[in-house]
Amino acid sequence: MSLFDNIKGAVGDLIAKEAPEGIPALLSNALAQAGGLQGILAKLQAGGLGDQVNSWIGTGGNLPVSAEQIQAALGDQHVQQIAASLGIPTDKVLAFLSQHLPAAVDHATPNGTLPPATA
């Protein structure tokens, strides 16, 4: 199972508990459009959230991230694309990502390393 499959499963499980039916698949598609987990994490790191991302991947505690930090790192256009593909407001997407992305990444990287992207 690839890392992206792991993150899709982790994110899907988390969303399924809090979101309407169908949202897990839509969010997985939105992540896929962003280049998968590696793509999202690279954008967050480039946007100044390297310490947070490294804490999620590492074996220690996860640093928090705010909705505003995610929006600034990903950019308005990308966040709007994700929200449009999900059919929900951008503030809900940002709130969900800020609340659940750290744990989902942590869950997908149990050994404290991010495996290389698979084709």
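The table below gives the values:
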item	result
Inter-residue pairs, beta-carbon under 6 Å, first free of Cβ contacts under 8 Å to residues at least 60 places away in the same chain and in region 47-64, second in a loop (DSSP other than H, G, I, E, B) and not hydroxyl-bearing (Ser, Thr, Tyr), 6+ apart	Gln52/Leu63; Gln52/Val65; Ser55/Asn62; Ser55/Leu63; Trp56/Asn62; Ile57/Leu114; Gly58/Gly112; Thr59/Gly112
Top-ranked residue in region 64-88 [being small (Gly, Ala, Ser) and part of a helix (DSSP H, G or I); ranked as surrounded by the fewest Cβ atoms within 10 Å (Cβ to Cβ)]	Ala84
Failed item, numbered, when Gln38 is tested on (1) modelled with pLDDT of 95 or more; (2) in a helix (DSSP H, G or I); (3) touching a Pro at 6+ places or on another chain (Cβ under 9 Å)	(1)
Among (1) among the polar types (S, T, N, Q); (2) exposed (fewer than 14 other Cβ atoms within 10 Å of the Cβ); (3) assigned to a helix (DSSP H, G or I) - the single one Asn111 does not satisfy	(3)
Residues that are acidic (Asp, Glu) and within 12 Å of the chain's Cα centre (by Cα), drawn from region 62-114	Asp106
Some residue of region 14-27 being surrounded by fewer than 17 Cβ atoms within 10 Å (Cβ to Cβ) and modelled with pLDDT of 90 or more	no
Residues being surrounded by fewer than 17 Cβ atoms within 10 Å (Cβ to Cβ) and free of Cβ contacts under 8 Å to residues at least 24 places away in the same chain - total across region 89-106	3
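The values are calculated or read from the model by the stated rules, or taken from the named source; none is laboratory data. Note that the structure is predicted; figures quoted are calculated from it, not measured. FYI the Cβ positions are ideal-geometry reconstructions off the backbone, even for glycines, and counts take in every protein chain you see.
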